[in-house]
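As structure tokens, the structure follows; a few thoughts come after it.
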Amino acid sequence: MKTQTIAIIGAGFCGSTLAVRLLRNPTGARQKILLISRPGAIARGIAYGTRSYAHLLNVPAGRMNALSDDEDSFYAFAKNHDSNITSGSFVQRRLYGDYLESLLSNASQNAAKGCELHNVIGEVVEVIPNAERDGARLIMNNGDHLEVDKVVLSIGSCARQKPSSAAGHQLFYANPRYIHDPWKADALSNVGSDAPIFLIGSGLTMLDVVLDLRDRGHQGMIYAVSRRGLAPQPHRVLNARPSYDEHLSRRMLDNCTIRHYLRTVRDAIMHQARTGGDWRDVIGGLRSTTAQLWHALPIIERQRFLRHVRPYWDTHRHRCAPQPGARLQAEIASGKLKLFAGRVTGYTPNEDHVSVSFQRRGTCIQDSIEVGAVINCTTPAFDLRELDDPLLESLRIGGLLIPDALGTSMAIAPSGALVGCDGTESSWLYYVGPFLQARDWEATAVPELREYVKSLAETLSQ
């Protein structure tokens, strides 16, 4: 029996758990799995590579199993680490990284007969299809090449983009007082403990950076600006599963427009408030039908959602754990953290500080603040039009990757296969990860991603 070589490009959550499933392969097929990642810890990615104790999962431990058919595996792992952890606990992200590493290591050591894992450290910069059969040659950034039968792109949080492309800002991005990627090792180590700090973005990355700075002993003022000035919303501490309105999605589908969706959700939230309920149960009740609601929208309505509603959805749907949420509110209440709605209009650096100018939303008012550092806390790009990536460029040029209907991502078939320029599904090139958001919308959290991984593993093993 011929050994099939499967290359998985990206070793974060999706890439690592896909490798685990393939290594457990019960079909008897012989598989050589190449798990390709850039230098750094395998199986962690950006989300679980943090070493900060303040960075917690945004989903309770009891719902964070990496494999949907491996019941309570993470909860048991966490409980073994700390007996006080319950299924409703929001635990450290670094512990989840340990769990993923453990899963991958155990799967490799106990792989099904004929299956083997090879960790490859490096970056794929070009994909050259095999002219005679399925598969391709992968060209690495060091000049090496790999011959493979199938390729899975598992690109998650891509390179962080500059927060503004304005010509006047470009010079400042090379200034040492600008921190482009706060997730890089020791990126925050040189920030002065009393220096005021300016953060671009006010979402979950902003919260992580604020907590990290404070835990490092930073005492200075922190300012954060984003287009709408929306702060992350916290989860509640729950000991029982919440109750959802099973008919909400059906009422929304009566009229598939964003205006109707929004009005229906607002009415449901108002009803919850009148009856002593919580708005979180309205948003949570949409989780299982989000893809259905998204698919029912015409393209023009999806575009309206992205332009006008997405920031509010992200803030209320992707919430932070209760503990960091409480710390965030305490920072705001103390006056040590100030959030603004607006946009940066300029930077004037000198030897001692940088003066940041910004304009408040809805006004012509220009403010200026002197700070010791500016930190980019914008969301990693999930819009392919914003990315300058040699691998993706290679796939575009080769006609192996085409834009999706919205133009923000790649066209991906229900099977997970990429759709090429001829309009057909690839028989050897696949994708799994957050870029599925453009197709199904709900594709960024573990409970959804693990189902995509399971489906693709079954496809690859057939």
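Would you point out the residue of the stretch 428-445, among those that are over 16 Å from R287 (Cα atoms) and within 11 Å of the chain's Cα centre (by Cα), that is surrounded by the fewest Cβ atoms within 10 Å (Cβ to Cβ)?
Taking the candidates together, the pick is F435.
Scan the stretch 293-309 for residues that are surrounded by fewer than 14 Cβ atoms within 10 Å (Cβ to Cβ) and part of a helix (DSSP H, G or I) and report the count.
Residues meeting the conditions: 5.
Looking at (1) in a loop (DSSP other than H, G, I, E, B); (2) more than 16 Å from the chain's Cα centre (by Cα); (3) among the polar types (S, T, N, Q), can you tell me which one T50 breaks?
Of (1) in a loop (DSSP other than H, G, I, E, B); (2) more than 16 Å from the chain's Cα centre (by Cα); (3) among the polar types (S, T, N, Q), only one is false for T50: (2).
Go through the stretch 321-388 and tell me which strands (runs of 3 or more DSSP E), entirely inside it, have 2 or more residues that are under 22 Å from D215 (Cβ atoms).
Filter on the stretch 321-388 gives 337-349, 373-376.
Does the stretch 402-413 contain at least one residue that is open to solvent by 20 Å² or more (accessible area, probe 1.4 Å), over 22 Å from I299 (Cβ atoms) and outside the structural domain of R343 (by the TED database)?
Taking every residue of the stretch 402-413 in turn, none turns out to be open to solvent by 20 Å² or more (accessible area, probe 1.4 Å), over 22 Å from I299 (Cβ atoms) and outside the structural domain of R343 (by the TED database).
How many residues are of a type outside the set (G, A, S) and touching a Leu at 6+ places or on another chain (Cβ under 8 Å) when one looks only at the stretch 133-146?
5
For a quick check of your reading: which strands (runs of 3 or more DSSP E) sit entirely within the stretch 84-149 and have at least 1 residues that are open to solvent by less than 70 Å² (accessible area, probe 1.4 Å) and farther than 16 Å from L34 by Cα?
Once the strands (runs of 3 or more DSSP E) in the stretch 84-149 are filtered for at least 1 residues that are open to solvent by less than 70 Å² (accessible area, probe 1.4 Å) and farther than 16 Å from L34 by Cα, what remains is 124-129.
Name every residue in the stretch 346-365 that is farther than 28 Å from Q219 by Cβ and surrounded by fewer than 16 Cβ atoms within 10 Å (Cβ to Cβ), in order of residue number.
R361, G362, T363, C364, I365 - these are the residues of the stretch 346-365 that are farther than 28 Å from Q219 by Cβ and surrounded by fewer than 16 Cβ atoms within 10 Å (Cβ to Cβ).
Is it true that some residue in the stretch 205-222 is modelled with pLDDT under 95, under 23 Å from the mean Cα position of the chain (by Cα), crowded, with 16+ Cβ neighbours inside 10 Å and closer than 18 Å to A341 by Cβ?
Looking through the stretch 205-222, at least one residue is modelled with pLDDT under 95, under 23 Å from the mean Cα position of the chain (by Cα), crowded, with 16+ Cβ neighbours inside 10 Å and closer than 18 Å to A341 by Cβ.
Condition check: farther than 24 Å from F305 by Cβ and either among the aliphatic types (A, V, I, L, M) or at pLDDT below 90 (or both). Does A187 satisfy that?
The answer is yes for A187.
Yes or no: the stretch 84-99 includes at least one residue that is within 25 Å of L395 (Cβ to Cβ), modelled with pLDDT of 95 or more and assigned by the TED database to the domain that holds P390.
No, that holds for no residue.
When W183 is evaluated against the numbered criteria (1) in a loop (DSSP other than H, G, I, E, B); (2) touching a Leu at 6+ places or on another chain (Cβ under 9 Å); (3) not small (G, A, S), which criterion, by number, is the only one it fails?
(2)
Would you mind finding the one in D186, D134 that is more than 25 Å from L449 (Cα to Cα), in contact (Cβ under 8 Å) with a residue 40 or more places away in the chain and not aliphatic (A, V, I, L, M)?
Matching residue, one of D186, D134: D134.
Please go through (1) of a type in the set (S, T, N, Q); (2) surrounded by 17 or more Cβ atoms within 10 Å (Cβ to Cβ); (3) out of contact with any helix residue (DSSP H, G or I) (no Cβ under 8 Å at 6 or more places or on another chain) for N80 and return the number of the only condition it doesn't satisfy.
Against the list (1) of a type in the set (S, T, N, Q); (2) surrounded by 17 or more Cβ atoms within 10 Å (Cβ to Cβ); (3) out of contact with any helix residue (DSSP H, G or I) (no Cβ under 8 Å at 6 or more places or on another chain), N80 comes up short only on (2).
Within the stretch 29-38, take every residue that is open to solvent by 40 Å² or more (accessible area, probe 1.4 Å) and within 15 Å of I8 (Cα to Cα) and give me the one that is farthest from the chain's Cα centre (by Cα).
Among residues in the stretch 29-38 that are open to solvent by 40 Å² or more (accessible area, probe 1.4 Å) and within 15 Å of I8 (Cα to Cα), the one farthest from the chain's Cα centre (by Cα) is K32.
Go through E425, E451, E442, E370 for me and flag whichever is in the same structural domain as Q219 (by the TED database), of a type in the set (D, E, K, R) and touching a residue at least 12 places away in the same chain (Cβ under 8 Å).
Step by step, each of E425, E451, E442, E370 is checked, and only E370 is in the same structural domain as Q219 (by the TED database), of a type in the set (D, E, K, R) and touching a residue at least 12 places away in the same chain (Cβ under 8 Å).
Kindly indicate the residue of the stretch 376-397 that is under 20 Å from P311 (Cα atoms) and open to solvent by less than 40 Å² (accessible area, probe 1.4 Å) and also modelled with the lowest pLDDT among those meeting that condition.
A381
The values are calculated or read from the model by the stated rules, or taken from the named source; none is laboratory data. Keep in mind the model is a prediction, meaning the values are calculated, not measured. Note that each Cβ is placed from the backbone with ideal geometry, even for glycine, and that neighbours are counted across all protein chains shown. Note: areas computed on protein heavy atoms with side chains; ligands, DNA, RNA excluded. Shrake-Rupley method; radii C 1.70, N 1.55, O 1.52, S 1.80 Å.
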